[in-house]
Every structure is written in structure tokens, then in C-alpha cells.
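Rule-based calculations on the coordinates, nothing more; no lab input. The structure presented is a predicted model; accordingly, all values stated were derived computationally and were not measured. Backbone-built Cβ (ideal geometry, glycine too); neighbour counts: all protein chains shown.
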């Protein structure tokens, strides 16, 4: 049994952090003594633990910078190997700080994020103990941010890196965040990018969260967690795109803390070759009169593997909850694997909650229809495969990103050339 | 152009076509009428190449070539077009992308270059206007969320874009209001030419007021039992199928 503290590299918290964050880290370091590296017997890692491989053997010598950090675009933050670089954020009403600049009060807010409070996410625990800096974004009350904020999370060189983001939206504020996870060319070296993003939405706030994880290098591993706390009448919408790597994991936690909140989660995953992608979503309906909608579509080809674990937990007081979850999957080859597991836990008696999972192949009737117009069989299958995920991709509120994702998926799913 | 001889076909072990003969020459419009369950849709699907139907006898030739030997897509490339009774919805594939891919497949088959983007857009916009659909339908998923009438107009739009030699309309008139019916009829009439042929499968005489056929055939129990000119349709409308020895109620 390997304990997760074997992965700790730093000897103590970074000196520049506010003292409450240092205390937080010290507590989390201590707690790691009892956290075990997941195995296939660990319930939340059942289908993915085998992908962890020799994670314990990852070396610590991270490159400091690939020079990209100096070339930031406006309204863009780069976190590279846990270090933050950004140009001036010119979005009115939006303030950006690094963790070492935080006041004690702000630091306390960071520790109240969903992921910061979760003690069952093994790698987030490790992140709590190990991050050396982070990005703190706050949107003032009543501010409707005109431009989107882009956060590029990069890893370069072999080893493990930790990124940390905290976003807080004031009352009736709104913001669009684009989070992009990527790796430098690793040249075959093993690497793990460990990211945590926590968001808190005040009453009436609206947030759009667009997350892409498009690295496909055979040696890269990504383990990320996103948490959202939703207060009264807030609205959260996400659009995630994941292309597989050796190990790719996203834990997504939504806490509907006050009445009237609504969230819509959209996700697309496409894996090929030996790749892997694991989505674990969890929606905690704590308050009454909230609504959650979740739709994930996944395509696994070759010998790749996709996991979808969607949990909706409706607490005793969360009456009048409306929940819906849909997970549709396409298997493109006999060697591909999709493990889909909806989990509904309902303790309130006046709720509507629907879930559906399908795993299948293409619809023959649709193929026939395309063929009657002269389209060859292979091409018809390709169009339908792409179409299966494009429905969700096109729902992306930022047209250029939708196009960029569509182009990427079209080239990935093209059977020709 | 099309020569069907003693065609027999079954679906799920049920024999539907029991020896159908039909000759269609270039330039002609044929209407096929008949009670429910007589085999009208089966004929359309067999000609288009639906693999759910098994052909167990007879032959069909298109301009001298064995149609039954061709794949579904090759039939389309050789100029066969089926307007579906129930067009399939394909969310995620846009009408534009669908038609462009189809046109290019057909062009490639004829040894032509791919259509250029500007030329294609011009054609698509022109044809969608011709069937009275808003150009925004081009960007929508194929038939996704379309009403019944919009789906049928979309079928006609596809037909106008692909300019088939042989168009088969499978109950394209069913469920259409009078305006949509006119749009469909105008579309088909625009396509009529000395080197094309049309087979209209229909339940009602109504469509034939707008698209005047050269021949009308009555299909019953899987074969054509009576053929005549356009006046036959009027007679059927007036007298039903009973006088031909078909008990329509028993069929329905």
C-alpha cells in the first residue's frame, strides 16, 4: 500500500503565502499520512486506477518556464508548472491576484471552495498540500464582465505540477471563464498535471465555464477537479471537451447551496488508440427549488477507455428539485471500453429526477438515409459519429471555440486520409 | 429508363411484392396508387436499396444496368432519388454539410471536380427558396425539429439540388396542407424534362391535380392490377378500390 504522501516534494508551504493558507497546507500535509494511492479496489478509481502506473516514480525536476509565460494575450492568465504569469486584466470590475498577494480574509474564502473542503478526492488532497501559488479572480457585485477570462494551465518537463484557481462572483455578477489545460512537447517524459479550480457564485450570479483538455501525448497524465458553490438564484453553465491521454481524469462537483440555483453541464469526450478519459461528476442538491441538467456524450475508438460516473445527491431538504442527467456513448470498436454509471441518491420525497444512459453503435436508419443521397457507407458513418458530439459542441456560447473544437473533432474522427 | 419485371420482395418474412411489372420511360410521370398495405412503400424502398427488404425474385434495370446489383449509394449516384415518406432526423449533421457531401459524391462518381464553396452556397440558397423554407434551415441539423411539412419540403429541396434522373416520391403529399402541396408540386414540375422520369406513390388523387401524371397504376396485393391514364385516378377517387375487386376495409 503506497501512501499518497510519498508524492510530496516540497518540504514546507511556500513562504510567500498568507499564513492561513500555510496553516491549511500544513493540515492537509498531515492528513495525507492516511490517504492511500488509489487502487482498483478504491471505489472512485475502480475503472482508472490501473492507469496511474508508476506515478510514485515521477521525478521532481520540473523545468521552470518554456518562455511562453512572457507572451500572454490580454485577459489571459498562464499558470505554468504552478507559477503564475499574466498581463493586465482589462476587464472592468474583474480583479486578479496571485495567492501570495491575498489578504487573510481572501485566503479564508479560498479554503471554503467545494474542492478545498472535499476530503475524498485523493489527488485534490495532494494539490491542497503542495500548491505553491495560485490565481484568485473576483468579480465585483453587479459587474457583467464584457470579455471572457482565459486561463491557460500548462505543464512542461517531466514530473508533477500543481495549478490552483479560485474564482468568486459577487451578487448579480457574471463572467465567462475559458480554462485550457495543455502540455509542452514532453518528448516521451512522464508528467502529471494536477489542477484544482474552485468557484463560488453569490446570489444571482451567472458563470459560463468552458474547459478543454486536448493534449494527446501518450505519456501525459491529467488529474483535475472543478468545484462550484451556487448560492441563491445563481446560474452556472459548463462546456467541457476532453480528448484522452494516458490518464485523464476530471472530477466535477456542484453544490446547490441555496434555493433557486440552476446548473447546466455539457461534456464531450473522444478517445482513441490507448487513451483514457474519466469524468466523475457530482451534483449536491442541498437547498430546495434548484435545477440541474447534465448531458455528456462520449466516443471511444480503438482500444481506448472512457468512464462516466454521474452522481446526483438530493438531500432531505432539497424538495422541488428538478434533476436530469443524460450520458450517451458510442463505441467505435470491439476493443474500446466505456464504463457508465449514473448514481442517484434521493432523500427528499417531492422531486423530479430523470437519468438515462445509452451505449451503442450508429443508427442504421440514419446511415441508410445518407446513403440514399449518394454518400458512401464509410463517410456516412463518419458524419454521424461526428454529428453525435457536434450537437453539444455547437451549444458552446463562444462561436470561435465551438468552431475550433469542431475542426479538431472533425480531423480526429475522419476515417479517411 | 426503368424496367421492373416480376419483382418479388419480402420484409421480415412477410411477402409484400408478388410479381410486379412496370416500364417507365424517360420524360414520363407515373403515379402508383393503391390501398394501405398493397406494397407501395415497399416498392419505393426496394428501388432505393433498403437492406431491410429482401428481394426474392424478378429483376429491375436502370438504363440497361442491373439496379438490384448496385449498392444504395451507387443507385443514388446513378440518378435514383427517393423522397422519403418519413424523412430521418439527423441532429449534429447540418443540411449544408449533408448536401455538399452528397453532391460531391455524385460529382466524383461522374468524374467531375468537387463543387466550389461559393457555387454550392448559391445553389443551396436558390433551392431552399424554391421550396419556401427560410435559409436558416440550411444550417440546422438534417430534419432536426422540422415539422412534417418542413421535412417534406426539405426532401424536395434535396431532390432539386441533386437533379436525379429518376425521382421516386413516397407519399410525399401525405400530411401536407395546400400551400406545402403546391410547393412540392412546383418542385417536381420544375424537375420534369424529357430525360428524367418520376414515380409518385400516393394515396390520394389530390396531388395529381398539381402534378399531372402520364400513367396511373393501381397496386394491390403486391402487383399492379390496373393501369391507365390520368382519368383512372379520378375514377378511383370517385369509386374507391372496390370496383377493382379489392376490399379496402379488409386491407386496412
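A few notes on this one:
- Peptide B:79-92 has a mean shielding of 4, counted as Cβ atoms of other protein chains within 10 Å of each residue's Cβ.
- Three-way shape call for chain B based on the alpha-carbon gyration tensor, with the a/c threshold at 1.5: prolate
- In chain B, the DSSP-assigned H stretches of four residues or longer account for a calculated mean residue ellipticity at 222 nm of -10500 deg cm²/dmol, using -39500 (n - 2.57) per stretch and the full residue count as denominator.
- Mean residue ellipticity, 222 nm, helices only, chain A: the sum of -39500 (n - 2.57) across DSSP H runs of n ≥ 4, divided by residue count and rounded to 500, is -5000 deg cm²/dmol.
- Anisotropy class of region A:362-417 from Cα gyration tensor, a/c 1.5 cut: prolate
- Each listed q (0.15, 0.20, 0.21 Å⁻¹) maps to a log10 I(q)/I(0) for region A:116-224, found by the Debye formula over equal Cα scatterers with no solvent: -0.69, -1.04, -1.10.
- Sorted fewest first by neighbouring Cβ atoms within 10 angstrom, B:243, A:405, A:45 come out as B:243, A:45, A:405.
- In degrees, nearest ten, helix B:95-109 long axis to first principal axis of chain B (Cα): 80 degrees
- Anisotropy class of region A:225-299 from Cα gyration tensor, a/c 1.5 cut: prolate
- Remark: mean inter-chain Cβ contacts per residue of B:64-72 equal 2, using a 10 Å Cβ-Cβ cutoff to other protein chain atoms.
- Cα centroid separation, region A:238-292 to region B:56-78: 50 Å.
- Packing-based ranking, highest mean first, of B:77-84, B:219-226, A:104-111 given that Cβ atoms within 10 Å are counted: B:77-84, B:219-226, A:104-111
- Sorting the segments B:33-40, A:3-10, A:375-382 by their residues' average number of neighbouring beta-carbon atoms within 10 angstrom, most packed first, yields B:33-40, A:375-382, A:3-10.
- Estimated translational D of chain A in µm²/s (Stokes, Kirkwood radius over Cα pairs; 20 °C; 1.002 mPa s): 98 µm²/s
- Expressed as a whole percent, the proportion of Cα-Cα pairs in region B:144-252 lying more than 21 Å apart is 40%.
- Each of B:41, B:136 was scored by other Cβ atoms within 10 Å of its Cβ. Arranged with the fewest first, they read B:136, B:41.
- Here B:246, B:168 are placed in order of increasing Cβ neighbour count within 10 Å, fewest first, which gives B:246, B:168.
- Per-residue average of Cβ from other chains inside 10 Å of B:102-108: 4
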